[in-house]
Amino acid sequence: MTDQPPSGAYPPPPSSPGSAGGPEPQSGKHEAPSAPPPPPGGSYPPPPPPSGGYAPPPPGPAIRTLPKQDYTPWLSRVLAFVIDILPYVIVHSIGTGILMTTQQTSCVTDITPYAVNQVCATQNSAVGVLAQALASAVGLFYLIWNYGYRQGTTGSSLGKSVMNFKVLSEVTGQPIGFGKSILRVFAHLVDAIICFVGFLFPLWDAKRQTLADKIMSTVCLPIGGR
């Protein structure tokens, strides 16, 4: 009779990986911890309110309302305009003078049995036309430089420098710059449209402003007076 091992003497079968109660296999790699879940609804807390809890109020105009006598008088503004326009008038007059003196006149005599007629025609010379065109270009350049660049960057044109006052923005208290200074020149057309009455406003206005000044929010103040 063949010998058989006693009952229960067989060794237990090896457990398969991952079976219940068995040890988990080691992969040899360390897994990084997962990121924390986002807050419910995917929303994040709102940013903190600004310091103080309120926005500061907008700044007021740099130039407050002054007594009327602190603004530039009307007569000073008129004299400044005369000084400003004088170089333009001189240059333009020179060009026109050359044009007139170099004109060429030619006459044609018409003889008939009843009368002798002479017809004359005057023509501008090439030199005269060139001189007037050059004078107009120089005059326009002067006006743009004087009222645009010089007044826009310093506050004073040539005439205003002589009369010792300047044009400033009520909002910033500074010269208004090239572009706005040119626009102010065109705004004076409003003063002229109403029979030039707008240029007389400084005689009674509290800030001695023309209509152009009111449109551009500018005032004229003596240099060193503010």
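The values are calculated or read from the model by the stated rules, or taken from the named source; none is laboratory data. Source: prediction; values computed, not measured. Backbone-built Cβ (ideal geometry, glycine too); neighbour counts: all protein chains shown.
Listing for the model above:
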{"item": "L86 being modelled with pLDDT of 95 or more, within 30 Å of L221 (Cβ to Cβ), surrounded by 15 or more Cβ atoms within 10 Å (Cβ to Cβ) and not charged (D, E, K, R)", "result": "no"}
{"item": "The stretch 170-182 residues that are touching a residue at least 40 places away in the same chain (Cβ under 8 Å), paired with ones that are in a loop (DSSP other than H, G, I, E, B) and crowded, with 18+ Cβ neighbours inside 10 Å (beta carbon under 6 Å, 6 or more apart)", "result": "E170/I63; G173/I63"}
{"item": "Where a residue in the stretch 81-93 is under 23 Å from V129 (Cα atoms) and its partner, wherever it lies, is among the polar types (S, T, N, Q) and surrounded by fewer than 16 Cβ atoms within 10 Å (Cβ to Cβ), with Cβ under 8 Å and at least six apart", "result": "H92/S136"}
{"item": "Residue that is nearest to Y88 (Cα to Cα) [pool: residues in the stretch 125-140 that are surrounded by 14 or more Cβ atoms within 10 Å (Cβ to Cβ) and β-branched (V, I, T)]", "result": "V138"}
{"item": "Residue match in the stretch 191-205 (condition: more than 22 Å from the chain's Cα centre (by Cα), crowded, with 19+ Cβ neighbours inside 10 Å and of a type in the set (D, E, K, R))", "result": "yes"}
{"item": "Meets criteria (under 20 Å from F186 (Cα atoms), in contact (Cβ under 8 Å) with a residue 12 or more places away in the chain and of a type outside the set (D, E)) for S125", "result": "no"}
{"item": "Residues satisfying the stated conditions in the stretch 140-176, i.e. among the hydrophobic types (A, V, I, L, M, F, W, C) and closer than 21 Å to P61 by Cβ", "result": "F165, V167, L168, V171, I176"}
{"item": "Unique match (being part of a helix (DSSP H, G or I), buried (at least 17 other Cβ atoms within 10 Å of the Cβ) and at pLDDT 95 or above) among K160, K166", "result": "K160"}
{"item": "Residue in the stretch 149-157 that is surrounded by fewer than 16 Cβ atoms within 10 Å (Cβ to Cβ), part of a loop (DSSP other than H, G, I, E, B) and in contact with a helix residue (DSSP H, G or I) (Cβ under 9 Å, 6 or more places away or on another chain) present", "result": "no"}
